[in-house]
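First comes the structure, then the notes that go with it.
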Amino acid sequence: MESLEALQARVVAQRDKLPDMYGNVDFSITPERFAGDLDDTSMQLNEGDRAARQRLLSDPETVARARAYTMLGDATADAYAALMPQYGFRPLVSMLTEACDKGVENVPDAPPELVAFIREMEATPAWIDMSLIEEGARVSRNPTANLAPFVVRGAFVATFLNKYSALPMALTGTLSHETAVRRIKETASFFTTTSLPGALTRYGTGFKAAAMVRLMHSMVRFNILRSGRSWDVNTFGIPVPQVDQMPAGTIAVFLLAFKLMREGRTEFTPAERAFVEFNRYRCWLLGLPEELLPTTPQGIYDAMVVYSGTLRDGYDDETCGALVRATMAAYFPSDKSLKSRIFNALERAFARVYFNRAFLRGDKTGKAKKMGVELRPYDMPLFIALGLFVFGREKLYALALRIPGLRDATDRRLIRKIDKLLVEYGHAEYTTDASKYSDDTIRTAHAKAA
């Protein structure tokens, strides 16, 4: 693991290496969003996490490392995104696409920043067990095909619970229903694509999707932070820090780890181990460091508690609530057929209950009502009925995958289902519009979130 001194030096070095992006950032400050004191009110996973937060944040080095990650971007992808004034948005995307498809050595006049970007993604570290990746992808295909279509909306909404981490999404235009649909489908498309056979190999579709996601996040940072912009670093830190990628990238692993700990287990089964390693590698391709991707149930739980326990609690209805309502109101299917409309209504009710149960457990503050996602009388009956079908089907597939004579045929069927899902999600654009980031837009967003 990287030493604290090296990590802090890497954070400060961002300003010298990328002055156009980080030149106005004072890395000596502790932003308001960082709740490193035990008396600070932070985001919590549930009531039972208070003791874990106190245990973890009693260690000064843990707090210092968490603060450093709060101010850390993605140096390699940021350097490539910072070429936008020189090359333009479309050429950067085109060159990255070509580098992923053909190899960066085959991109004419490839800038050194693109070469460094691709070479970093190609250099798989020793702490990733590549022998488990394909098996982990196979394990993930059952929940990806059968469960994910019903929970992706609820999981996406969970990223909007906090005004400090949600503000960059508001600036990208996600407050509109149309943009919310596109963002949901892009997110779903990425995670779905990576579960296909060979997707995370060097020339696989998942590898390229990860590169595109990294570039999109870096473009968001660049468009917000470039000289002259009005982003309030003292309050919000840097936009989209690497640590904010962890919850979305590891939520399935966290829920698995939390389940094991409730059962009193301390180790993963071989299949669970493969699933965890698959998720770790996918997150590493997105730029997350080893420290944010632990391997044990306790380590995974602790990492999530440190993240939520150092993110200051803050809810703003014009930012968080608007993002949630836009996402919950969005029409997800690609057509308006009766079957699609019925699916959208059922999936939305399922997502509403899933979000309340998974992310607002023990809600005593009325946050669900403030956000507009409180349960309606018919939501729970629909969730139970649909859940019996969804979870029952998933268990039947899991059983078939354990039977030698059915395993391969069942996996092929899951792959076909995933291919159909990807057609439904459409082509992911992974773009960000620089016109959304004017000084007036950022100042208005700050005022709403204050």
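The values are calculated or read from the model by the stated rules, or taken from the named source; none is laboratory data. This is a predicted model, so every value here is computed, not measured. So basically every Cβ, Gly included, is an ideal-geometry build from the backbone, and we count neighbours across all protein chains shown. In case anyone asks, the SASA skips ligands and DNA or RNA and just uses the protein heavy atoms, side chains included. Shrake-Rupley method; radii C 1.70, N 1.55, O 1.52, S 1.80 Å.
Residues of the stretch 41-77 that are surrounded by fewer than 14 Cβ atoms within 10 Å (Cβ to Cβ) and not in a helix (DSSP H, G or I): T41, N46, S58, D59. Can you find a residue that is exposed (fewer than 13 other Cβ atoms within 10 Å of the Cβ) and either touching an Asp or Glu at 6+ places or on another chain (Cβ under 9 Å) or touching a residue at least 60 places away in the same chain (Cβ under 8 Å) (or both) anywhere in the stretch 352-363? Yes: one or more hits. Within the stretch 27-48, residues that are closer than 22 Å to L72 by Cα and acidic (D, E) reach partners that are modelled with pLDDT under 90 and not in a loop (DSSP other than H, G, I, E, B) with beta carbons closer than 8 Å, at six or more positions or on different chains, in the pairs E32/Y164. You will find that of V324, V390, the residue that is surrounded by 12 or more Cβ atoms within 10 Å (Cβ to Cβ) and within 30 Å of R50 (Cα to Cα) is V324 and no other.
Each residue in the stretch 104-143 was checked for being charged (D, E, K, R), touching a Gly at 6+ places or on another chain (Cβ under 9 Å) and more than 26 Å from I415 (Cα to Cα), and 1 pass. A188 meets each of the listed conditions (1) assigned to a loop (DSSP other than H, G, I, E, B); (2) within 18 Å of F332 (Cβ to Cβ); (3) not aromatic (F, W, Y) apart from (1). Quick one: D379 ticks every box in (1) buried (at least 17 other Cβ atoms within 10 Å of the Cβ); (2) within 21 Å of N142 (Cα to Cα); (3) modelled with pLDDT of 90 or more except a single one, so which number is it? Only one criterion in (1) buried (at least 17 other Cβ atoms within 10 Å of the Cβ); (2) within 21 Å of N142 (Cα to Cα); (3) modelled with pLDDT of 90 or more is unmet by D379, namely (2). Only one entry in Y22, Y80 is touching a helix residue (DSSP H, G or I) at 6+ places or on another chain (Cβ under 6 Å), surrounded by 13 or more Cβ atoms within 10 Å (Cβ to Cβ) and at pLDDT below 95, namely Y22.
Restricting P197, P168 to residues that are buried (at least 22 other Cβ atoms within 10 Å of the Cβ) and either part of a loop (DSSP other than H, G, I, E, B) or modelled with pLDDT under 90 (or both) narrows the list to P168.
Scanning the stretch 98-153 for residues that are among the charged types (D, E, K, R), over 26 Å from K17 (Cβ atoms) and open to solvent by 30 Å² or more (accessible area, probe 1.4 Å), which turns out farthest from the chain's Cα centre (by Cα)? Looking at residues that are among the charged types (D, E, K, R), over 26 Å from K17 (Cβ atoms) and open to solvent by 30 Å² or more (accessible area, probe 1.4 Å), I get K102. Listed conditions (1) modelled with pLDDT of 95 or more; (2) within 26 Å of F258 (Cβ to Cβ) are all met by D74, apart from (2). Out of all the residues in the stretch 213-230, is one or more aromatic (F, W, Y), in a loop (DSSP other than H, G, I, E, B) and at negative phi? Taking every residue of the stretch 213-230 in turn, none turns out to be aromatic (F, W, Y), in a loop (DSSP other than H, G, I, E, B) and at negative phi.
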